[in-house]
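Student: Take a look at this one; I'll ask things after.
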Amino acid sequence: MLWEPRTLLPYPKWIVYAGALGLVLYSSFRILWPDLGKLGEYSTAFLGLITILLYGQKLRSSAALWLLLAVILVQALSWWLGTLHHPDWMDSDPKVDRLAKLFIFIGVAWWLGGSTHNTLIVWGLALILYLPATLIHGDGIHEWILGLQGERAGFGIRNKQHGAMLFGVALLGVLVFSKRFCAPGRLRLVRIFFWCFLLIVCSIGVLIGQTRAIWLALLVATSAAGVTWLIYKGSSQFTLGNLTKFAISLVVLLVLVIGAGIKFQDTLTARIDQESQVISQIAQGEFEDLPYSSIGIRIHTWRAALDWIEQRPIVGWGGQGRSLVIDHTEWLPNSIKENFGHLHNFFLEVWVAYGILGLLVIAALTVWVGRATWLAWKGGVLPNDIALFGMVFFVYWMIANQFESYNSFWTGVYVHNIILGGLVTHYWRWQLMPKNNIDVKSTS
């Protein structure tokens, strides 16, 4: 069955078809064919919100919707107070979509209908159709060739950091869901070869993207995955078979890492050594004299942001806060003001724009999704591998957004909503199902 018809709650069939179509368009084409993907995004968000308010019953009181209301109110409050304090720097309206767009996952979760099958379809489409996008946008296959020769590749997707970020998420998925690719059944050999192909392509995409923050995020996330797996399997379930699977996976990963290290040795060394002097200065506390290198630019703009935060820590400076920091900090050089308009740190951007109130809403969302994922997993509704993927994605996303504000741009918003929607849909299903009558088979 291509799409499971089961929904979280009953509502007209035509709405099911319209919602599923919009979600498929969003997940499949947001990168490959942006105009079509945006149409799917709008359909997923607005039709999903309207439908859940009309037919959601118990889900209408979900914390996700209250947090959406809270984030709208926080942005409106920051804008209103900003018009009183610094009207010349404020937008003509509060532009509440800046943070509200991070709640498109509500529509995604609703249209997935609590189905693991549908979730994997949507995530799979997002992964598979990202690959041809890297051949269509930018310099296409030529960019891949240059990347293999040591140049940095961005695949024509906003900038080079965003292309690498997307490949990093894809690589995590390929690793975590390896058992599903290689499980016994129809076309197993084909699936194994396809998994190997995805593993190699995504690994190369991460490497030639040459984004150090993504390398760091992947290292920590995969380490967290390994530790979590060992702890979970360290119970009575830790059998010889499990140990064998872990050993095979470790060998495959080591071979891949060693091979990549040999092939891209010069590239890796150059990228890592490029900022060694800057890192040394930071370790010694020499912040003011840092050169305006990649890391230096971040440190200097973060210092500037903290000065602005200190002046309005509770409600911030409004939606243009990050631009105000860059444009109106006198000691930042003109070259930075002309070439940069954001702070390379999502959490600092939220703080300077919407103050502690904005940070609290984002923190509350993070805690709620984490708790929801845990409860759905403990309740037997969320499969082990999806729960593990949710955990490693959280680690990866937290680190990545410390060095580039992905959640402030459409690429990060897309990843955020597709993945959170897949996690939250299982939680809503767990909430609605009789707790002692869970369909274990449907969680596979």
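We did not get these values from a lab; they are worked out from the coordinates using the rules stated. As the structure is a computational prediction, the values presented were derived from the model and not from experiment. Positions of Cβ are generated from backbone atoms using ideal geometry, with glycine treated the same way; all protein chains shown enter the neighbour counts.
Student: Under a crude label model (7 Å from the Cα following the beta-carbon direction), how far is N384 from D327 in nanometres?
Tutor: Between N384 and D327, the label points sit 5.4 nm apart.
Student: Only loop residues by DSSP count here, and only those with at most 16 other Cβ atoms within 10 Å; note down the trypsin sites (Lys or Arg not before Pro) in segment 77-168 that meet that.
Tutor: Working: sites: K95, R98, K101, R152, R158, K160; in loops: K95, R152, R158.
Answer in residue order: K95.
Student: If you don't mind, another one. Cβ neighbours within 10 Å, averaged per peptide: list 201-210, 30-39 in order, most packed at the top. Walk me through the intermediate numbers first.
Tutor: Details: 201-210: 22.2, 30-39: 17.5.
Result, highest mean first: 201-210, 30-39.
Student: What distance in nm lies between label points placed 7 Å from Cα along the C-beta direction at Q311 and Y232?
Tutor: 4.8
Student: Can you give the helix-only mean residue ellipticity at 222 nm for the chain, where every DSSP H stretch with n ≥ 4 adds -39500 (n - 2.57) and the sum goes over all residues, rounded to the nearest 500 deg cm²/dmol?
Tutor: On the way: 22 runs with 312 residues, N = 444.
Value at 222 nm, helices only, nearest 500: -22500 deg cm²/dmol.
Student: So what are the ³J(HN,Hα) numbers for segment 23-31, from phi and the Karplus equation (6.51, -1.76, 1.60; θ = phi - 60°), rounded to whole Hz, Gly and Pro as x?
Tutor: Taking θ as phi minus 60°, the curve returns 5, 5, 4, 4, 5, 7, 10, 4, 9 Hz for segment 23-31.
Student: For segment 380-430, rounded, prolate or oblate, judged on the Cα gyration tensor with a ≥ b ≥ c (square roots of eigenvalues), a/c < 1.5 rounded, else prolate if a/b > b/c?
Tutor: Here segment 380-430 falls in the oblate category.
Student: Counting only pairs 8 or more residues apart or on different chains, how many lysine pairs in the chain have their Cα atoms under 18 Å apart?
Tutor: Close lysine pairs under the 18 Å cut-off: 9.
Student: Which one, G113, L67, L125, is farthest towards the positive end of the dipole of segment 28-129 when Lys and Arg carry +1 and Asp and Glu -1 on their Cβ?
Tutor: Most positive-ward Cα: G113.
Student: Here's something else I'd like to know. Over 40 Å apart: what share of the alpha carbon pairs of the chain falls there, rounded to a whole percent? Please report the intermediate quantities before stating the final value.
Tutor: On the way: 20213 of 98346 pairs.
When every Cα pair of the chain is considered, 21 percent fall beyond 40 Å.
Student: What nm value, rounded to one decimal, do you get for the distance between S61 and K95 when each label is placed 7 Å out toward the C-beta?
Tutor: 3.7
Student: With +1 on each Lys and Arg Cβ and -1 on each Asp and Glu Cβ, and nothing else charged, work out how big the dipole of the chain is about its Cα centre, in Debye to the nearest 20. Walk me through the intermediate numbers first.
Tutor: Details: 32 positive and 25 negative charges, 457 e Å.
In total the dipole reaches around 2200 debye.
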